[in-house]
1. Is it the case that some residue within the range 58-73 is at pLDDT 80 or above and on the phi > 0 side of the Ramachandran plot?
2. Report, by residue number, each residue of the range 28-83 that is closer than 17 Å to K12 by Cα, of a type outside the set (A, V, I, L, M) and in contact (Cβ under 8 Å) with a residue 24 or more places away in the chain.
3. Are any residues in the range 28-73 charged (D, E, K, R) and in a strand (DSSP E or B), and if so, which ones?
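The values are calculated or read from the model by the stated rules, or taken from the named source; none is laboratory data. Source: prediction; values computed, not measured. So basically every Cβ, Gly included, is an ideal-geometry build from the backbone, and we count neighbours across all protein chains shown.
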Amino acid sequence: MHDATCGQPDEKVCISCNGTSDTAANPLVVLVSEGGQGIEFIHVHCAHKDSRFGFCWCCRESVAYCSEDLNEAGECEKHDGESVPDYPVEDAESYIENIRNNG
């Protein structure tokens with residue numbers, strides 16, 4: 001039996017619940033961990049219920065991550081910085097003023 005850490009299971013089994021079912025409603029997805037060795041799996045529902053795991057907002061639920069491997073914006077290493085726009089963002093007051101002045 002595996003504990004719910006970022007350890008290494010011997011077969012395709014959820015590291016949180018030890019379940020092996022892989023359904024469309026609750027698939028087993030690969031768990032990517034920076035210090036992990038080998039391939040680990042976790043059910044999507046298990047990852048959502050456990051704060052030690054999370055999903056990159058870009059990758060969505062195709063792959064899970066250990067929470068410490070996601071940045072504050074919820075991005076994996078591959079998508080780091082994608083939540084920051086590459087154009088200036090105006091505040092709400094500037095937007096409202098622009099609408100009032102320009103129709």
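1. Checked the range 58-73: at least one residue is at pLDDT 80 or above and on the phi > 0 side of the Ramachandran plot.
2. S33, G36, Q37, G38, E40, F41, H43, C46, S62, Y65
3. Answer for the range 28-73, where residues must be charged (D, E, K, R) and in a strand (DSSP E or B): just E40.
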